[in-house]
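J.: Below is a structure I'd like to ask you about.
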Amino acid sequence: QVQLVESGGGLVQPGGSLILSCAASGSIFGVFPMGWYRQAPGKQRDLVARITSGGSTNYAESVKGRFTISRDNAKNTVYLQMNSLKPEDTAVYYCNLRRGTTDYWGQGTQVTVSS
């Protein structure tokens with residue numbers, strides 16, 4: 001089994017920054033694609049950013065140029081640096097690890113952008 005634990009969410013003013021972390025533990029044998037998704041109230045869960053085992057990244061159009069995903073394979077940890085935050089970035093952010101055809105999810109961390 002794989003466990004994902006997110007941290008770093010909170011309340012921030014528009015234009016501010018936050019960094020989210022997600023630590024993976026458990027039966028992890030190898031390096032797998034990881035990513036961040038978000039879900040606002042009443043909306044579906046959408047991709048924010050993904051990073052492959054080799055470090056290639058892709059982003060949702062709405063966060064390009066503002067968010068940066070990175071990973072530390074030695075620590076089995078993925079990060080999401082979020083800059084120039086907007087109220088529309090408010091959501092619960094979920095960490096994801098994909099091993100083959102199986103998706104693992106963290107419990108989510110709330111990010112609220114408000115003045």
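J.: Among the candidates Ser62, Ser53, which residue alone is open to solvent by 40 Å² or more (accessible area, probe 1.4 Å), at pLDDT 95 or above and among the polar types (S, T, N, Q)?
T.: The match here is Ser62.
J.: Can I ask one more? What are the residues in the range 14-37 that are open to solvent by 40 Å² or more (accessible area, probe 1.4 Å) and under 22 Å from Ser84 (Cα atoms), if any?
T.: Result: Pro14, Gly15, Ser17, Ile19.
J.: When Lys75 is evaluated against the numbered criteria (1) open to solvent by less than 60 Å² (accessible area, probe 1.4 Å); (2) out of contact with any helix residue (DSSP H, G or I) (no Cβ under 6 Å at 6 or more places or on another chain), which criterion, by number, is the only one it fails?
T.: Evaluating Lys75 over (1) open to solvent by less than 60 Å² (accessible area, probe 1.4 Å); (2) out of contact with any helix residue (DSSP H, G or I) (no Cβ under 6 Å at 6 or more places or on another chain) leaves (1) as the failure.
J.: How many residues, within the range 1-25, are under 15 Å from Val78 (Cβ atoms) and in a strand (DSSP E or B)?
T.: Counting residues in the range 1-25 that are under 15 Å from Val78 (Cβ atoms) and in a strand (DSSP E or B) gives 14.
J.: In the range 38-50, which residues are within 12 Å of the chain's Cα centre (by Cα) and either closer than 16 Å to Asn83 by Cβ or surrounded by fewer than 12 Cβ atoms within 10 Å (Cβ to Cβ) (or both)?
T.: Once the filter is applied, which keeps residues that are within 12 Å of the chain's Cα centre (by Cα) and either closer than 16 Å to Asn83 by Cβ or surrounded by fewer than 12 Cβ atoms within 10 Å (Cβ to Cβ) (or both), the range 38-50 yields Arg38, Val48, Ala49.
J.: If you don't mind, another one. Suppose the filter is open to solvent by less than 20 Å² (accessible area, probe 1.4 Å) and either of a type in the set (Lys, Arg) or at pLDDT 95 or above (or both); does Leu80 pass it?
T.: In short, yes.
The values are calculated or read from the model by the stated rules, or taken from the named source; none is laboratory data. This is a predicted model, so every value here is computed, not measured. Please note: Cβ atoms are built from the backbone with ideal geometry, for glycine as well, and neighbour counts cover all protein chains shown. What goes into the accessible areas is simple: the full protein's heavy atoms, side chains included, and nothing from ligands, DNA or RNA. Shrake-Rupley method; radii C 1.70, N 1.55, O 1.52, S 1.80 Å.
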